[in-house]
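Chemist: If you scroll down you'll find the structure; I have some questions about it.
The values are calculated or read from the model by the stated rules, or taken from the named source; none is laboratory data. Remember, it's a predicted structure, so these values are computed and weren't measured experimentally. All Cβ positions, glycine included, derive from the backbone under ideal geometry; neighbour counts span all protein chains shown.
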There are 2 protein chains.
Amino acid sequence: MSTDTGSTAAFTDPATLDHDALEEGTAFAPRFDDKGLVTAIAQDAGSGRVLMVAHMNAEALSLTIETGVVHYWSRSRGALWKKGETSGEVQELVSLATDCDQDVLLLKVNQTGRGAACHTGRVSCFYRELDETGALRDTGEARLFDPKAVYKA
Amino acid sequence: MSTDTGSTAAFTDPATLDHDALEEGTAFAPRFDDKGLVTAIAQDAGSGRVLMVAHMNAEALSLTIETGVVHYWSRSRGALWKKGETSGEVQELVSLATDCDQDVLLLKVNQTGRGAACHTGRVSCFYRELDETGALRDTGEARLFDPKAVYKA
């Protein structure tokens, strides 16, 4: 699905907008950074839990909008990343919001598969909280899959 | 309050951790980027709404932990930013989580003041959603303060 899409959505160039148009207007003008990426937060549309944070380039964002299936840009692999392609943990896009200065996207998603957005097999990547001693405490979230079994070399 | 704190919390250097310790261990080792910043998401502890995304350097993070009041690093001003210092919209820290690879922080906060995290006067910075035509639609969120009155030159 991600490879047979010839076209990509055209976004407004934020440099063409004044401050008011960027922050209050109707033109979608994502402010890709100097690496061509914008930060994307995936939030579970049902529970409101923040699942993960990743990045999108223009192609990943276009494919997400066109297919309704969330695509990111993997900085570690330097490649387009259809979330769930290996694990089956596909994210269906419910809504896409931008922040005031259009450098962050907030995606509400249905997390399909086993419901684990994190590559560790947990629902959310945020499974550790800072405790009063300055150490991280595992919040005890279950693993919904075994990453060693899912991500084979 | 932000200026009379002589010490800053010491964080583990992520370069001293192996992959498993970084992702599953108890050492808090935020991975500041090449500009010394880590991405921080503020989520309302009560409603679960994502309020805003900003950045923290080590000093802002230390002050946040030590004072329980959220501090960021303002990239536009190049300065430490005690959120709400001008507007009164202070964020009280409820919990701080890190993601699997420790390059993003998720702060659950009580948004005090008028309850508006966004500099536009709205509860959340995410007040516009992409519609089916590719344009942004204002979700109709009320302004809880007038930014022109709050942020005087």
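Chemist: What's the number of the only condition in (1) modelled with pLDDT under 95; (2) assigned to a strand (DSSP E or B) that B:S76 fails to meet?
Modeler: Tallying (1) modelled with pLDDT under 95; (2) assigned to a strand (DSSP E or B), B:S76 fails exactly one: (2).
Chemist: Assuming A:T67 fulfils every condition listed in (1) at the interface with chain B (Cβ under 9 Å from one of its Cβ atoms); (2) polar (S, T, N, Q); (3) touching a residue at least 60 places away in the same chain (Cβ under 8 Å) apart from one, which condition is it?
Modeler: (1)
Chemist: Would you point out which residue out of B:A42, B:A97, B:A60 is in contact with a strand residue (DSSP E or B) (Cβ under 7 Å, 6 or more places away or on another chain), surrounded by 19 or more Cβ atoms within 10 Å (Cβ to Cβ) and free of Cβ contacts under 8 Å to residues at least 12 places away in the same chain? Talk me through it step by step, then tell me what you get.
Modeler: Numbers: B:A42 fails: free of Cβ contacts under 8 Å to residues at least 12 places away in the same chain; B:A60 fails: free of Cβ contacts under 8 Å to residues at least 12 places away in the same chain.
Of the residues listed, the single one that is in contact with a strand residue (DSSP E or B) (Cβ under 7 Å, 6 or more places away or on another chain), surrounded by 19 or more Cβ atoms within 10 Å (Cβ to Cβ) and free of Cβ contacts under 8 Å to residues at least 12 places away in the same chain is B:A97.
Chemist: Something else now. Given (1) surrounded by fewer than 23 Cβ atoms within 10 Å (Cβ to Cβ); (2) free of Cβ contacts under 8 Å to residues at least 24 places away in the same chain, identify the lone condition not met by A:F32.
Modeler: (2)
Chemist: Here is a check on your reading of the model: is A:E89 under 14 Å from the mean Cα position of the chain (by Cα) and of a type in the set (D, E, K, R)?
Modeler: When the stated conditions are applied, A:E89 passes them.
Chemist: Follow-up. Could you please find all residues in region A:12-43 being acidic (D, E) and over 22 Å from B:C118 (Cα atoms)?
Modeler: Kept after step one, since they are acidic (D, E), are these residues of region A:12-43: A:13, A:18, A:20, A:23-24, A:33-34.
A:D13, A:D34 - these are the residues of region A:12-43 that are acidic (D, E) and over 22 Å from B:C118 (Cα atoms).
Chemist: I'd like the full set of residues that are free of Cβ contacts under 8 Å to residues at least 40 places away in the same chain and among the β-branched types (V, I, T), limited to region A:100-122.
Modeler: Of region A:100-122, the ones free of Cβ contacts under 8 Å to residues at least 40 places away in the same chain are A:112-116, A:119-122.
Passing the criteria: A:T112, A:T120.
Chemist: Let me spell it out: the conditions are (1) in a loop (DSSP other than H, G, I, E, B); (2) of a type outside the set (A, V, I, L, M, F, W, C); (3) under 14 Å from the mean Cα position of the chain (by Cα), and A:G140 meets all of them except one. Which number is the exception?
Modeler: (3)
Chemist: Report the residue count in region A:123-150 for those that are under 16 Å from A:S47 (Cα atoms) and either touching a residue at least 24 places away in the same chain (Cβ under 8 Å) or at the interface with another protein chain (Cβ under 8 Å from one of its Cβ atoms) (or both). It would help to see each step written out before you state the result.
Modeler: Taking region A:123-150 and keeping what is under 16 Å from A:S47 (Cα atoms), we get A:123-127, A:141.
If we keep only those that are either touching a residue at least 24 places away in the same chain (Cβ under 8 Å) or at the interface with another protein chain (Cβ under 8 Å from one of its Cβ atoms) (or both) as well, we get A:123-127.
Adding up the residues that qualify gives 5.
Chemist: Right, something else. Residues to consider are A:T26, A:T86; find the one that is surrounded by fewer than 16 Cβ atoms within 10 Å (Cβ to Cβ), hydroxyl-bearing (S, T, Y), at the interface with chain B (Cβ under 10 Å from one of its Cβ atoms) and more than 27 Å from B:A45 (Cβ to Cβ).
Modeler: Working: A:T86 fails: at the interface with chain B (Cβ under 10 Å from one of its Cβ atoms).
The unique qualifying residue is A:T26.
Quick grid of which residues meet (1) of a type in the set (G, A, S); (2) outside any strand (DSSP E or B); (3) at negative phi:
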site: A:A21; (1), (2), (3): yes, yes, yes
site: A:R31; (1), (2), (3): no, yes, yes
site: A:D34; (1), (2), (3): no, yes, yes
site: A:A40; (1), (2), (3): yes, no, yes
site: A:L51; (1), (2), (3): no, no, yes
site: A:Q102; (1), (2), (3): no, yes, no
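Yes/no per residue for (1) in contact with a helix residue (DSSP H, G or I) (Cβ under 8 Å, 6 or more places away or on another chain); (2) within 30 Å of A:Q102 (Cβ to Cβ):
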{"residue": "B:D13", "(1), (2)": "no, no"}
{"residue": "B:L22", "(1), (2)": "yes, no"}
{"residue": "B:T26", "(1), (2)": "no, no"}
{"residue": "B:D33", "(1), (2)": "no, yes"}
{"residue": "B:A42", "(1), (2)": "no, yes"}
{"residue": "B:V50", "(1), (2)": "no, yes"}
{"residue": "B:A54", "(1), (2)": "no, yes"}
{"residue": "B:L63", "(1), (2)": "no, yes"}
{"residue": "B:G68", "(1), (2)": "no, no"}
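Chemist: May I ask you to list the residues in region B:91-122 that are of a type in the set (S, T, N, Q) and more than 8 Å from chain A (Cβ to nearest Cβ)?
Modeler: Step one: of region B:91-122, the residues of a type in the set (S, T, N, Q) are B:91, B:95, B:98, B:102, B:110-112, B:120.
Within region B:91-122, B:Q91, B:Q102, B:N110, B:Q111, B:T112 meet the criteria.
Chemist: Next up: Looking at the structure I just gave you, is B:V109 surrounded by fewer than 22 Cβ atoms within 10 Å (Cβ to Cβ), part of a strand (DSSP E or B) and at negative phi?
Modeler: Numbers: surrounded by fewer than 22 Cβ atoms within 10 Å (Cβ to Cβ): no; part of a strand (DSSP E or B): yes; at negative phi: yes.
Spelling it out, it is not the case that B:V109 is surrounded by fewer than 22 Cβ atoms within 10 Å (Cβ to Cβ), part of a strand (DSSP E or B) and at negative phi.
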